[in-house]
1. Assuming 0.36 nm per residue, please report the length gained on full extension of the stretch GLU250 to ASN302 beyond their Cα-Cα distance.
2. Taking the Kirkwood radius as the inverse of the mean 1/r across Cα pairs, report the Rg/Rh of region 186-279.
3. Test of understanding: extend the Cα→C-beta vector of GLN202 to 7 Å, then name every residue of region 33-63 with backbone N under 18 Å from that spot.
4. What ranking of THR119, THR270, THR184 emerges when the number of other C-beta atoms within 10 Å of each C-beta is taken as an exposure proxy, fewest first?
5. Using r as the Cβ-Cβ distance of GLU116 and SER357, and R0 as 51 Å, what FRET efficiency do you calculate, to the nearest 0.05?
6. Pick out, from GLY172, ALA155, GLN202, the residue whose Cα sits farthest towards the positive end of the charge dipole of region 124-224, with +1 on the Cβ of Lys and Arg and -1 on the Cβ of Asp and Glu.
7. Filter LYS104/LYS291; LYS123/LYS183; LYS183/LYS252 down to the pairs with a C-alpha to C-alpha distance above 19 Å, please.
8. Compute a Gaussian network model of the chain, connecting alpha carbons closer than 10 Å, and tell me which residue from ALA240, ALA124, ALA323 fluctuates the most.
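Coordinate-derived values only; no laboratory data. Note that the coordinates shown come from a computational prediction; the quantities given were computed from them, not determined experimentally. Counting neighbours? That spans all protein chains shown, and the Cβs are built from the backbone with ideal geometry, glycine included.
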Amino acid sequence: MERISVSGPWITQKEIDYVTDAVTNAWYGNANMYHAKFETAFAEYVGRRYAMALPSCTSALHLALLSLGVKAGDEVIVPEITWIASSAPISYVGAQPVFADVDKDSWCLDANSFLENITPRTKAVIVVNLYGNMPDMDAILEIAQSHGIQVIEDAAESIGSEYQGKKAGSFGSLSTFSFHGSKTLTTGEGGMLLTDDEELYQRCRFLQDHGRKPGDKLFWNTEVAHKYKMSSMQAALGLAQLERVEELVERKREIFHWYQQGLMDVEGITLNREALGVKNTYWMVSVLFDKRWQLAKEEAMNRLSEKGIDCRPLFYPLSSIPAYAEMPQAALARARNCNAYEIAPSGLNLPSGLNLSREKVEYVCESLQEILGS
Ligand SMILES: *Cc1c(COP(=O)(O)O)cnc(C)c1O
């Protein structure tokens, strides 16, 4: 049997047709035809006024922070458990990342920890919808508003998720998505920045294009800025995927339910949660092992790998990774963020690619049971 990958896309003839059309026709006067279609359709899907296609979610977060004027001397709160792309852009603008704890059940930013980490320097919070789940948005938005803190929603992992009927990506001043090859909707590499605020949108457009004012004379840059563009082939791929988004999201939920059924009788493990009022789209089906198994994620990963199954560790707490080792803020976070340090060592992402069959999921479940049984 071939190895079971941890993630991967679902590509059909539609995607191949759109990309073929883009590479054939999206040049000269038509160079931006797929960008315009992809951005308009994406904004409509999420329920935002403006969407901007970008080369990555990382660049989207960078522009979001720049457009809000976050700079050296400011602090930005970000949850401990997330991919470093959520926090790295805070350093790009010279600000200080502050790692807050996650909630035990949602694994997303804990509202109390957010509140406790606010200082007079806190300028923004980056809320992350981890593995497709969503945090207690009402509480977080209320705290942010009462303290004058800007909210950026990192919705990279959560296309199609909902909080009380509102789509992921519709919260905060700006929100971001990733279309990396591992994500539910992919363009290979790519991202999207969304906002309802015309001024922020115009500022991001300007910063995205080497500091050129739209309509100004050619090559007349008024600031040194950035070059963050998506190619038309990627935009075409994104548009095709977006036209199939319901199917992609439903398959993710189906894969989760296959796992849920396959692991129903296994005690001492916890799968992703879905709180009342939340629609979780399970970007990565993940399992936490109870302490009694004394099973570190690395060991579980190695044992599954021997059976031809590729997994990933749950993200390490950001304050624990070498990149932040010397940062005084990280030492404080290590001492304070108990939930993150409790969850992370025993958490594993199981294969969640869109090409999974029920048989493969059952094989993963049986293999997991074997490991726990021995
Ligand atoms: C994937 C991911 C990103 C980064 O996306 P890129 O498109 O690779 O820059 C950011 N945040 C989270 C939570 C992610 O999972």
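1. Working: separation 52, 0.36 × 52 = 18.72 nm, distance 3.01 nm.
15.7 nm is the gain from fully extending GLU250 to ASN302.
2. Working: Rg = 21.1 Å, Rh = 17.6 Å.
Answer for region 186-279: 1.20.
3. Correct set: 49-52.
4. Going from least to most buried by this count: THR119, THR270, THR184.
5. It comes to 0.65.
6. GLN202
7. LYS123/LYS183
8. With Cα springs under 10 Å in the chain, the top fluctuation among ALA240, ALA124, ALA323 is at ALA323.
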